[in-house]
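See structure below.
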Amino acid sequence: MIRVLYGVWPLLLGIVLIMLGNGMHFTLIGVRGDIEGFSATELAIITSGYFIGFLSGARISPIMIRRVGHIRVFAALGSFMSAALIAFPLITEPWAWTPLRILIGFCMSGIYVTAESWLNYSASNETRGKVLSAYMIAQTLGIIGAQGLLTLGDAATSVLFIGASILVSISFAPILLSVRPVPVVEVVSPMRFRELYKSSPLGTIGIFLLGSVYATQSGMGAVYGTQIGLEVNQIALFIAMLFAGALLLQYPIGWLSDRVDRRSLICVASIIGALSCGLGWYSDGNLQLLMMAAFLAGGVTTPLYALFLAYTNDTLSVDQMPAASGGLVFTFGLGAILGPLMTGWAMQALGAYAFWPVLGVTFAAIACYALYRMTQKASVPIAQTESYLGVTPTSSPVAVEAAGVWAAEHAEVEREAEAEQTPFKNNL
């Protein structure tokens, strides 16, 4: 593993620094927006703007890379993102913050596409799984670490926004000074929604609903924290717990997914998510209960994303996986745009604690639909399923496609090895 990481450590270091800056700004938007008197609806629109930009960047950035190359795209997007972060405290108006968030979402998507192209190219078939896992861990650690940095400054000033901009700016140094241009990694056009739904109704509907959950947690969590009167360090801890849960529960859920019917696991994980939202609503500001609810709700969200990808791939051939992955990422993005808008409206009309019922109902809808699909179709035999790989919702189609193909190839190698061992066991 050390040898594998040695060749990609500059890229992983750069990703950690980028996520430190991006993770700071995600929470800062909610905290500073409350200080400026923005309503929950206005902050929801600003939050959705990020995911509008992210979807656009996933489609446009590969075209930009083909035209001018990885390094130029990477440097240009980093410069725009750094400038946008500094601009937030200069114009504290919702009409200005929304396009800035769209720009940052676009830049982050393009940065992911570029970085993951380099990462995928630098890995071999034997090391790709480990490299992608290390990349996902680096992303999550960066987001968690960002919450700690928020306690070092005053959100009412420009200091934290400037700090986030500096982190993003210096993050490109280890990457640009160490990598070389690589052949462009083509991003296959996403599978059409109708075809995707026909291939995997649960994967399609489930990942759409999960997009709503993820965007609400990551984008509206800080808004909820400010509106119930949490201090900045408590809000930072609340957001950190969402992602800490994802980091710690990813492996056990992934281990189970290769051994049980994935639809059952999706249902159970969604029920846990719904119950944790009930705990959050019941907590009434009790910090310990609130953090436990965040840990569990966030803890099942990211593994559910990987579960939906793996479950969908179980019904597809290797040739279909790249297009299906692109379709799932796009569908997830649509849910991520709509989720904060729905939550912001509910919080505006019913109060801050509407944050939890909206999440809980969405988790419950996923569980109910998984139960329904279990009555409509027989499960895929465990021996024929693809391997699970913990892909995070922040990944671009490049990483999702690479992970899907790796999982299929890895599962095929395991099946062949098991088939070769079976005659030997029978002879014994």
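The values are calculated or read from the model by the stated rules, or taken from the named source; none is laboratory data. Keep in mind that this is a model prediction, so the values were computed, not measured. Here the Cβ positions follow ideal geometry from the backbone for every residue, glycine too, while neighbour counts run over all protein chains shown.
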Could you check residue 305 against (1) surrounded by fewer than 21 Cβ atoms within 10 Å (Cβ to Cβ); (2) in a helix (DSSP H, G or I); (3) at pLDDT below 95; (4) among the hydroxyl-bearing types (Ser, Thr, Tyr) and say which number it fails?
(1)
Only one of (1) part of a helix (DSSP H, G or I); (2) in contact with a helix residue (DSSP H, G or I) (Cβ under 9 Å, 6 or more places away or on another chain) is not met by residue 255, so which one is it?
(2)
Some residue of the stretch 46-62 being of a type in the set (Gly, Ala, Ser) and under 19 Å from residue 158 (Cβ atoms):
no
Quick check on the stretch 278-291. Is at least one of its residues under 16 Å from the mean Cα position of the chain (by Cα) and either buried (at least 23 other Cβ atoms within 10 Å of the Cβ) or not polar (S, T, N, Q) (or both)?
no
Taking residue 235 as the residue in question, decide whether it is part of a helix (DSSP H, G or I), within 17 Å of residue 394 (Cβ to Cβ) and in contact with a Ser or Thr (Cβ under 7 Å, 6 or more places away or on another chain).
no
Residue set 297, 346; condition under 30 Å from residue 191 (Cβ atoms) and touching a residue at least 12 places away in the same chain (Cβ under 8 Å); output residue 297
Residue 72 vs. criteria out of contact with any Leu (no Cβ under 9 Å at 6 or more places or on another chain) and either outside any loop (DSSP other than H, G, I, E, B) or modelled with pLDDT of 95 or more (or both):
yes
Here is a list: 164, 115. Which entry is under 25 Å from residue 251 (Cα atoms) and among the hydrophobic types (A, V, I, L, M, F, W, C)?
115
One residue from 119, 160, 141, 132 being in a helix (DSSP H, G or I), at pLDDT 85 or above and surrounded by 21 or more Cβ atoms within 10 Å (Cβ to Cβ):
160
Given the criterion more than 30 Å from residue 117 (Cα to Cα), modelled with pLDDT of 80 or more and aliphatic (A, V, I, L, M), identify the matching residue among 358, 391.
358
Under 9 Å by Cβ, and 6 or more places apart or on different chains, what pairs join a residue from the stretch 88-105 that is under 10 Å from residue 46 (Cβ atoms) with one that is charged (D, E, K, R) and surrounded by fewer than 21 Cβ atoms within 10 Å (Cβ to Cβ)?
94/36; 94/42; 97/42; 98/42
For residues that are in a helix (DSSP H, G or I) and surrounded by fewer than 22 Cβ atoms within 10 Å (Cβ to Cβ), scanning just the stretch 32-52, find the one that is farthest from the chain's Cα centre (by Cα).
35
Would you point out the residue of the stretch 244-267, among those that are touching a Leu at 6+ places or on another chain (Cβ under 9 Å) and of a type in the set (Val, Ile, Thr), that is modelled with the highest pLDDT?
266
Enumeration of residues in the stretch 247-266 that are surrounded by 21 or more Cβ atoms within 10 Å (Cβ to Cβ) and either polar (S, T, N, Q) or farther than 15 Å from residue 307 by Cα (or both):
250, 257
Screening 269, 364, 352 for residues that are among the small types (Gly, Ala, Ser) and buried (at least 22 other Cβ atoms within 10 Å of the Cβ) leaves only 269
Expected single match for part of a helix (DSSP H, G or I), farther than 26 Å from residue 247 by Cβ and in contact with a Cys (Cβ under 9 Å, 6 or more places away or on another chain) among 371, 338 is 371
In the stretch 312-331, what count of residues is obtained for those that are farther than 23 Å from residue 215 by Cα and in a helix (DSSP H, G or I)?
5
Members of the stretch 78-115 that are closer than 19 Å to residue 39 by Cβ and in a helix (DSSP H, G or I):
94, 95, 96, 97, 98, 99, 100, 101
